[in-house]
1. Pull up the stretch 74-126, narrow it to residues that are closer than 30 Å to P182 by Cβ and among the β-branched types (V, I, T), then point me to the one that is surrounded by the fewest Cβ atoms within 10 Å (Cβ to Cβ).
2. Given (1) within 27 Å of N111 (Cα to Cα); (2) at pLDDT 90 or above; (3) over 13 Å from the mean Cα position of the chain (by Cα), identify the lone condition not met by I170.
3. Would you pick out the residues in the stretch 154-171 that are in contact (Cβ under 8 Å) with a residue 40 or more places away in the chain, out of contact with any Asp or Glu (no Cβ under 8 Å at 6 or more places or on another chain) and assigned to a loop (DSSP other than H, G, I, E, B)?
4. How many residues, within the stretch 238-249, are loosely packed, with under 14 Cβ neighbours inside 10 Å and either at pLDDT below 90 or of a type in the set (V, I, T) (or both)?
5. Looking only at the stretch 72-83, decide whether some residue is of a type in the set (D, E), in the same structural domain as I18 (by TED's automatic domain parsing) and touching a residue at least 60 places away in the same chain (Cβ under 8 Å).
6. Quick one: in the stretch 43-68, which of the residues that are of a type outside the set (F, W, Y) and closer than 21 Å to D97 by Cα is modelled with the lowest pLDDT?
7. Within the stretch 127-139, track down each residue that is touching a residue at least 60 places away in the same chain (Cβ under 8 Å) and either under 19 Å from F101 (Cβ atoms) or loosely packed, with under 12 Cβ neighbours inside 10 Å (or both).
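The values are calculated or read from the model by the stated rules, or taken from the named source; none is laboratory data. This structure is a prediction, so every number in the text was calculated from the model and none was measured. Positions of Cβ are backbone-derived with ideal geometry, glycine not excepted, and every protein chain shown enters the neighbour counts.
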Amino acid sequence: MYGKIDCGGNMTYPKVAILLATYNPRFDYLEELISSLHRQENVEIRIYWSDDSNSKEIQGRVASLMSCCDNVMFYEGPMEGAKNNFFFLLNKVQDEDYVAFADQDDIWLSNRLISQISTLEGASSDSRLKGTFFSPYLLKSSSVQFREGKDFGFQQLLVHNQVQGCTLLITREAANFIVASPHAIMHDWWIALILKSKDALFFESKPLILYRIHDNNTVGLPSLKKKLSNFIRRPPKILVNQNRDFLNLYGDKMVVEHRRSLEAWLSIYDNSLLARGLGIFIDNKRRDSFLVDLGRRVLHTVKIP
């Protein structure tokens, strides 16, 4: 779906809802982001903006930014973190054809949305329930870099998030299919699980935003060191709860092969004495040692107490 001529001879474009969840934003970065959203080519956008800040100064500046835009729907956020802020916004989407997610301090290339729409329209899927993601350019100070990404399998998602939310674009049908879970670790991980379980998440090979790297990123693009640290420090039960709840909610809607993989993963968790012993070991030893690091990684693939 691209630009179309309606019965009155007017050009119409795909409608895209952009979800922007902010928390104590840096306003020079935020202004750059919003400017880049309004430069999107060959689409009609509406910005759904929810702010979790509790500062009167920030709220006043938000109001001043909104005064120049007639396509922004603004809400006071639920004050329950980024994940719940984005789920909150998903429920506000109206009649748009697609839904995209935005971080508060990035810069979008002008062809970001239309390029992803083109990828989805050309995807090998008869269903309208689908989404796409990409690896972004990295913007640090005045330096721009590109770290090449790649597609991944459903099993990889069971143990580690592979998608940055700010690169996601999904169809309205996919948005309507999402059931938020209190056990979801992050909104982007949960959405990726849903779409990948149906073989409906497609990789876009082009970088389409400048992802700003700075000290105040809420989540950020994790380095290998950060991934390992998250791997060690995340309470193991959180991962199991997410996967178990995902099976309960979507087990009968998944590709059969993926459901079997998830059931096998949870079965190993339920039955592995080895992993139970490793869990006891980890609970009683220093987490920053080599053996604990190794044990934690085994737990994420075998059994987590």
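1. V93
2. It fails just one condition, (3).
3. L158, V159, H160
4. Residues of the stretch 238-249 loosely packed, with under 14 Cβ neighbours inside 10 Å: 238, 248.
Then drop every residue that is not either at pLDDT below 90 or of a type in the set (V, I, T) (or both), which leaves 238.
Summing the residues that are loosely packed, with under 14 Cβ neighbours inside 10 Å and either at pLDDT below 90 or of a type in the set (V, I, T) (or both) in the stretch 238-249 gives 1.
5. Let us first name the residues in the stretch 72-83 that are of a type in the set (D, E), namely 76, 80.
With in the same structural domain as I18 (by TED's automatic domain parsing) added as a condition, the list becomes 76, 80.
Checking the rest, the ones that are also touching a residue at least 60 places away in the same chain (Cβ under 8 Å) come to none.
For the stretch 72-83, residues of a type in the set (D, E), in the same structural domain as I18 (by TED's automatic domain parsing) and touching a residue at least 60 places away in the same chain (Cβ under 8 Å): absent.
6. Within the stretch 43-68, the first condition is being of a type outside the set (F, W, Y), and the residues that meet it are 43-47, 50-68.
Those still in the list that are closer than 21 Å to D97 by Cα too: 43-47, 50.
Details: V43: 98, E44: 97, I45: 97, R46: 97, I47: 96, S50: 92.
Among those residues, the one meeting the criterion is S50.
7. If we filter the stretch 127-139 for residues that are touching a residue at least 60 places away in the same chain (Cβ under 8 Å), which is where we start, we get 127, 129-139.
Across the stretch 127-139, the qualifying residues are L129, K130, G131, T132, F133, F134, S135, P136, Y137, L138, L139.
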